Amino acid sequence: MSASGGTKAIIAALLANLGIALTKFIAWGLTRSSSMLAESIHSLADSGNQLLLLIGGRRAQRAATPQHPFGYGRERYIYAFIVSIVLFTVGGLFALYEAYHKLSHPEPIESWHWVPVAVLIVAITLESFSFRTAIKESNAIRNGASWVRFVRSSRSPELPVVLLEDLGALLGLVFALFGVVMTLITHNGIWDGVGTAAIGVLLVVIAIILAIEMKSLLIGEGATPEDARAIEQAILAGGEVERIIHMRTMHLGPEELLVAAKIAVRHDDTAEVVARSIDAVETRIRTAVPIARIIYLEPDLYSAEKIKSASVESGSDPH
């Protein structure tokens with residue numbers, strides 16, 4: 001996995017979640033608080049998710065084979081999609097089940113009253129350091145984009161996943177702290193169930209957002225608008241190409257882009273001139289967008305009918 005894959009952020013989140021999960025389980029064993037149990041399972045699920053991301057990043061580095069000629073880069077998307085499923089089932093649905101049980105049979109915290117409060121405060125502190133690392137890693141590649149746009153447009157799945165997981169973990173800890181403190185103050189276990197329910201809803205929402213984004217990447221997303229413009233400019237910059245008849249791009253992985261374009265050449269160009277032109281255009285594309293690893297350029301003669309046909313196939317307007 002490359003540096004842009006956010007390995008540092010993943011490892012920071014993994015270490016933080018393992019330590020937090022252990023302390024939460026101890027606090028749950030002492031108090032039997034459902035909020036603490038939900039948060040314990042949440043941290044355990046997050047730890048497993050970070051391991052999945054690391055495994056996906058490692059497997060994606062395998063070399064291309066005759067059976068998989070474009071390599072395994074998109075395997076990172078598969079593992080990130082599995083993360084969303086784990087977060088939904090192990091985290092969200094379990095918390096909602098615990099909330100239902102606690103709201104149906106509310107019980108106050110009878111012993112070790114302030115242990116969960118101390119554990120949750122320590123957990124918030126540790127999770128904040130993990131979240132800070134994820135933010136720092138993301139800032140290095142988001143280029144001033146808003147956080148919503150970064151999550152929605154990033155072709156590298158790891159950082160958006162860790163960001164949303166860490167944000168969910170922090171909010172979940174706050175919900176758990178609210179539920180536990182209110183239970184201790186009122187001696188009414190209903191509040192513990194309310195905190196648990198809030199954690200469950202939060203995790204389900206985050207899991208759905210992740211699933212939607214990863215599904216889009218699995219289906220196959222094209223280049224970002226910035227990269228697409230850079231590729232078009234690189235094709236037309238040298239004067240060898242009269243115009244772009246149509247162009248298609250698709251991410252084969254976060255750092256590998258497929259570019260296929262039909263380009264209009266002059267009708268009197270010789271085969272040798274066309275071959276040299278294609279070589280020059282490919283060099284400019286790779287310089288402008290280094291992740292454009294696989295490039296197919298098809299020379300053709302321009303006609304309005306071909307532009308119209310290409311636009312109909314892509315569902316876009318002729319240009």
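Per-structure values
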| quantity | calculated |
| --- | --- |
| Cα-based helix-to-principal-axis angle, 304-314 vs the chain, degrees rounded to 10 | 20 degrees |
| 0 to 90° range, to nearest 10: angle between helix 190-219 axis and the chain longest Cα axis | 10 degrees |
| Three-way shape label, segment 225-314, alpha-carbon gyration tensor, a/c 1.5 | oblate |
| Helix axis angle, 271-288 relative to the chain longest principal axis, alpha carbon, degrees | 30 degrees |
| Least to most buried among Met36, Met182, Met214 (fewest other Cβ within 10 Å first) | Met182, Met214, Met36 |
| Sequence of Glu226, Glu221 once ranked by neighbouring C-beta atoms within 10 Å, starting from the fewest | Glu226, Glu221 |
| Taking Tyr100, Tyr296, Tyr302 and counting other C-beta atoms within 10 Å, the order from fewest to most | Tyr296, Tyr100, Tyr302 |
| Label of the coordinate-derived value, Rg and Dmax of the Cα atoms in Å, listed as (i) 18.4, 58; (ii) 25.4, 90; (iii) 20.0, 60 | (ii) |
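We did not get these values from a lab; they are worked out from the coordinates using the rules stated. Given the structure is predicted, the values throughout are model-derived calculations rather than measurements. We place every Cβ from the backbone using ideal geometry, glycine too, and count neighbours over all the protein chains shown.
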